[in-house]
1. Note down the nm distance, to one decimal, between modelled labels 7 Å out along Cα→Cβ at LEU241 and at ARG71.
2. Once the piece of chain linking TYR186 and PHE18 is laid out straight, how much longer is it, given 0.36 nm per residue of separation minus the C-alpha distance between them?
3. Using the membrane-span-like helix rule (whole DSSP H runs, Cα extent along the own axis of at least 24 Å, mean Kyte-Doolittle hydropathy at least -0.5), which helices of the chain qualify?
4. Note the listed values (i) 81, 56, 33; (ii) 62, 43, 31; (iii) 72, 43, 37, then indicate which one is Cα extents along the principal axes in Å calculated from this particular structure.
5. Going by Cα centres, region 86-116 and region 237-258 are how many Å apart?
6. Ranking THR298, THR260 by Cβ neighbours within 10 Å, fewest first, what do you get?
7. 7 Å from Cα along Cα→Cβ at both ALA92 and LEU230: what's the point-to-point distance in nm?
8. Neighbour counts of other C-beta atoms within 10 Å: give me ASP242, ASP11 arranged from fewest to most.
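A short reminder: the numbers here are calculations on the coordinates, not readings from a lab. These numbers were taken from a predicted model, which means no experiment stands behind them. As a convention, Cβ positions derive from the backbone with ideal geometry for all residues, glycine included, and neighbour counts pool all protein chains shown.
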Amino acid sequence: MSASFAADPNDPLVSTDFVGWWRRSFALLPATWKPLALINGIVAAAGTIVSVPALVQFGVTQRQIEDELARRGPGADIDLQPYLSGFGAVFALIPVTGLLYLIGSLFSVAVVLAAATGHTTNLRPAPTGAAQTSPAQTGTAQTSPALIRIALTSATRRLPALVGWSILAFVLGVVAFGLCFLPVIYVGAVLTVLPVVVLVERTNAIGRCFTLFHADFGVAISRVSTIGGLTVAGGLVTELLDLVAAAVFSGTTSTGYAITAAVLQGIFWFAAGIVLTPLLLTAYADMRARHEPFATATLTP
């Protein structure tokens, strides 16, 4: 930890403890939820649209394989070559949806950053027990179109960098997976703030993530594990609803199930983009403040 760390109690992003981090994160929502909903709604809708055909084709392929096995009898071997196109559709879906959600993540962080840096004095978390004052409540917040315009300007410039660093992060994750399961969790935790680092810094983004994560391990792990826990909780709810859909449609091979599964995933990412983005930005701020002198006012929207 930086020996000079001393958080300004009025700083909208930097906190001295977990409670402060949590309150600062949700203090950002009143001013940002509308543009976040628009951005993540577009991304979720696009993800759903491109996912449905691939999932439908995958379901058709599953049915064809099941029918062929039923025709040949138990224990029969079949040639999977004719069915590779159905599996290929799902594999092709991964980079497409990955790119969409990278775009959504970067633009969402840019929106929250613009709100925080543009109206610092209006984003102070209220003292414990006091009513929280937000830009939306004071009437001084940027309008949604203004925040989106700022986000488009800043995030568009950094999108190629995020794509490049994300590819390297994926390779690093594959290597970590080859070593053991636990290194994957560690690498994933460290790289949680990668979109923020890419947006606001011009440096070795992956190395910087490791540096910030280890500046104060307790602070970093408490923030990142909370974000991860919320993500897992949302994923479990989505999975439960997916199982319900599979029961309703009598399996996972029908078109109805494919559409429902794609919509559920879209809803999950939509909600995650709104709720988790402020947590992500404030986690970055807390980690950076433990590493070096830092204040929200030094950031550029």
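1. In this crude label model, LEU241 to ARG71 measures out at 3.8 nm.
2. On the way: separation 168, 0.36 × 168 = 60.48 nm, distance 2.06 nm.
In short, 58.4 nm is gained.
3. On the way: long enough: 29-72 (61 Å, 0.49); 84-118 (51 Å, 1.92); 144-179 (46 Å, 1.41); 217-248 (45 Å, 1.49); 255-291 (51 Å, 0.93).
TM-like helix candidates: 29-72, 84-118, 144-179, 217-248, 255-291.
4. Given (i) 81, 56, 33; (ii) 62, 43, 31; (iii) 72, 43, 37, the calculated one carries the label (iii).
5. Result: 24 Å between the Cα centres.
6. On the way: THR298 10, THR260 20.
By the 10 Å Cβ count, ascending, the order reads THR298, THR260.
7. Each label point is offset 7 Å from its Cα along the Cβ direction, giving 3.6 nm.
8. On the way: ASP242 17, ASP11 22.
The fewest-first ordering by Cβ neighbours comes to ASP242, ASP11.
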